[in-house]
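Enquirer: A single structure is presented below for examination.
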Amino acid sequence: MQNRYPVRKYPEIGVCGLDCGLCPRYHSDGKSRCPGCCGDGFWEIHPSCSFITCAVKQKGLETCAQCNETQDCLKYVQLMEAAELHDSFISYRSVLNNNSYIKTNGIAKFAAIAAEKQKILLYALENYDDGRSKLFLCTACQLIPLKKLHEAIELINSKIFEGADKKKRAKITRATLNKMADSLKIELKLRK
């Protein structure tokens, strides 16, 4: 992987461990669409980052989880601190768990879970998005565990009555996902 512009096998999983496949820009159309971390076309719209430079370009790894130096990595520690302190990093709260799972079970198994979460997200966007819920739905899918997401979808579907418009469906969805997140002590909304 000594290529200056490598293309990774799993671009839906960020080198740092972020769920790139659950990002609003990954599910956008047009010029703003992101192909995922080091995905096909990534280099035309994104600058490289220090995680890509270190893990992919220098060490030939798919993710930081495969690196033996992650525990002592200052970049990684700073990312985790930022995830706890800054709103714009709320989706990074899952990175530590993601990398731990990858380290223990391998990236292919994690990619299968990520793909299942993407299916749930696409279903939610198609059925529950009122045009203003994409970021919320993406964040919920990033932070709520897969099993609990399945439970939430079942619960949402049981609450939505026939003929409910998108606004009502979005309201039910938001309330159900927030309640699920609260029960898991997961914060979904941005701090001010």
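The values are calculated or read from the model by the stated rules, or taken from the named source; none is laboratory data. Computed from a prediction, not measured in an experiment: that's the story for all the values here. Here the Cβ is made from the backbone with ideal geometry for all residues, glycine too, and neighbour counts use every protein chain on show.
Enquirer: Out of everything in segment 137-181 that is farther than 22 Å from Glu116 by Cβ and acidic (Asp, Glu), what residue ends up being surrounded by the most Cβ atoms within 10 Å (Cβ to Cβ)?
Expert: That would be Asp165.
Enquirer: Given the conditions (1) over 23 Å from Cys20 (Cβ atoms); (2) of a type outside the set (Ser, Thr, Tyr); (3) in a helix (DSSP H, G or I), and given that Ala164 satisfies all but one, which numbered condition is not satisfied?
Expert: Ala164 satisfies all of (1) over 23 Å from Cys20 (Cβ atoms); (2) of a type outside the set (Ser, Thr, Tyr); (3) in a helix (DSSP H, G or I) except (3).
Enquirer: Further question: Going by the conditions given, is Leu79 in contact (Cβ under 8 Å) with a residue 12 or more places away in the chain, hydrophobic (A, V, I, L, M, F, W, C), assigned to a helix (DSSP H, G or I) and surrounded by fewer than 18 Cβ atoms within 10 Å (Cβ to Cβ)?
Expert: no
Enquirer: Name the residues in segment 89-142 that are in contact with a His (Cβ under 7 Å, 6 or more places away or on another chain) and over 30 Å from Asp165 (Cα atoms), would you?
Expert: Hits for segment 89-142: nothing passes.
Enquirer: Go over the candidates Lys134, Lys103, Lys117, Lys185 one by one and state the one that is surrounded by fewer than 16 Cβ atoms within 10 Å (Cβ to Cβ) and basic (Lys, Arg).
Expert: Lys185
Enquirer: Residues Gln66, Gln78: which one is over 15 Å from the mean Cα position of the chain (by Cα) and either on the phi > 0 side of the Ramachandran plot or modelled with pLDDT under 90 (or both)?
Expert: Gln78
Enquirer: Could I ask something else about it? Condition first: closer than 15 Å to Val56 by Cβ, touching a residue at least 40 places away in the same chain (Cβ under 8 Å) and not in a loop (DSSP other than H, G, I, E, B). Now tell me which residues in segment 1-38 satisfy that.
Expert: none
Enquirer: I'd like the residue in segment 39-62 that is assigned to a loop (DSSP other than H, G, I, E, B) and touching a helix residue (DSSP H, G or I) at 6+ places or on another chain (Cβ under 6 Å) and, out of all such residues, is surrounded by the fewest Cβ atoms within 10 Å (Cβ to Cβ).
Expert: Leu61
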